[in-house]
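Quick notes on the structure that follows.
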Amino acid sequence: MKVLFIGGTGIISSACSQLAIDRGVDLFLLNRGQSFRPIPTGAKVLTGDIRDKASALKALGHHNFDTVVDWIAFTPDHIEKDIEIFTGRTEQFIFISSASAYQTPPSSLPVTESTLLDNPYWEYSRNKIACEERLIREYREKKFPYTIVRPSHTYDKTLVPFGGGYTVVDRMRKGKKVISYGDGTSIWVMTHHRDFAKGLVGLLENSHAIGEAFHITSDELLTWNQIFELMGKAAGVKPDIIHIPSDFIANIDKEMGAGLLGDKSNSMIFDNSKIKRFVPDFACTIPFSKGAKEIMEWYDAEPKRQVVDKNLDQLYDEIIKAYLKR
């Protein structure tokens, strides 16, 4: 199997690259070579910029592929370039969308792949929806062989699940308050990137997946309070949690609020029966309690990784101060 990953060294894709190679895939990576993550041994790097058609075509040369996966397409114009470049060059094109594209807040749970796509709060999600719609239209009109994959909150050892890198952990360790959204009881799903990889790699060159959409997530359900507690435990502290409504946060900082109202503040439970039908060996086996320990081991191994976003830290202080004064 000859596969191209556009990207391939990111938080999610790095585990997929490694697993694909472990399973004997002839893997090519098209990227600009700027990631701090190492290229997996055995992957062939094509250095080019997918945003620059001439650069991408030069890097691709005469290569054709059984499957192409674009990890870094975020807007319809990105998809237009993909269609131009890969029509006739691949038998399957996998677009990495987002589970945040689903109806927000959902009218019913669990969410399935047939749940309406509608997120009025977050432009990122609306752009992903537009990308999906463009691919579907191209399939209907010209049989462009798409498969859509919708990750939810997928992490690796480098990703603290609160945004801002190490910032929230630093607050925990200094005894400062950390903000849990709403009352902290909304249900969330954390998926380790090595677990996600099992589902994604199982879809490569899977003819039954053409014209289909899948989300790939863990079945472990956690409240945000539990996520904060598990991160605190891994960091060796008990977090001082303050609960603040997401709409209050949005009134102070629109960007942070969009990510909360359009994603994290809503309970999300995913029905993973479809990916399990198409990829029978898919199973998530890494609980977040283990993943949190991996994250903290990575940050504590090199103190220089413990970078605090001072602007974000100050913003948290401002939000907390405003909420306590209300």
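The values are calculated or read from the model by the stated rules, or taken from the named source; none is laboratory data. Treat the numbers as computed from the prediction; the structure is a model and nothing was measured. Virtual Cβ from ideal backbone geometry, glycine too; neighbours counted across all protein chains shown.
Couple of notes before you dig in:
- Residue 162 being crowded, with 19+ Cβ neighbours inside 10 Å, in the same structural domain as residue 256 (by TED's automatic domain parsing), in a loop (DSSP other than H, G, I, E, B) and not basic (Lys, Arg): yes
- Some residue of segment 44-60 being touching a Phe, Trp or Tyr at 6+ places or on another chain (Cβ under 7 Å), assigned by TED's automatic domain parsing to the domain that holds residue 199 and among the hydrophobic types (A, V, I, L, M, F, W, C): yes
- Beta carbons closer than 9 Å, at least 6 apart along the sequence or on distinct chains, pair a first residue in segment 297-326 that is free of Cβ contacts under 8 Å to residues at least 24 places away in the same chain with a second that is part of a helix (DSSP H, G or I) and polar (S, T, N, Q) for 310/167.
- Test: residue 117 is in contact with a helix residue (DSSP H, G or I) (Cβ under 6 Å, 6 or more places away or on another chain) and either surrounded by fewer than 14 Cβ atoms within 10 Å (Cβ to Cβ) or among the aliphatic types (A, V, I, L, M) (or both): yes
- Residues that are within 17 Å of the chain's Cα centre (by Cα), under 30 Å from residue 278 (Cα atoms) and aliphatic (A, V, I, L, M) occur in segment 177-191; there is at least one.
- Residue check for residue 276: without any contact (Cβ under 8 Å) to a residue 40 or more places away in the chain, within 19 Å of residue 193 (Cα to Cα), surrounded by fewer than 21 Cβ atoms within 10 Å (Cβ to Cβ) and not assigned by TED's automatic domain parsing to the domain that holds residue 207: yes
- Number of residues in segment 183-231 that are among the small types (Gly, Ala, Ser), in contact with an Asp or Glu (Cβ under 9 Å, 6 or more places away or on another chain) and part of a helix (DSSP H, G or I) equals 2.
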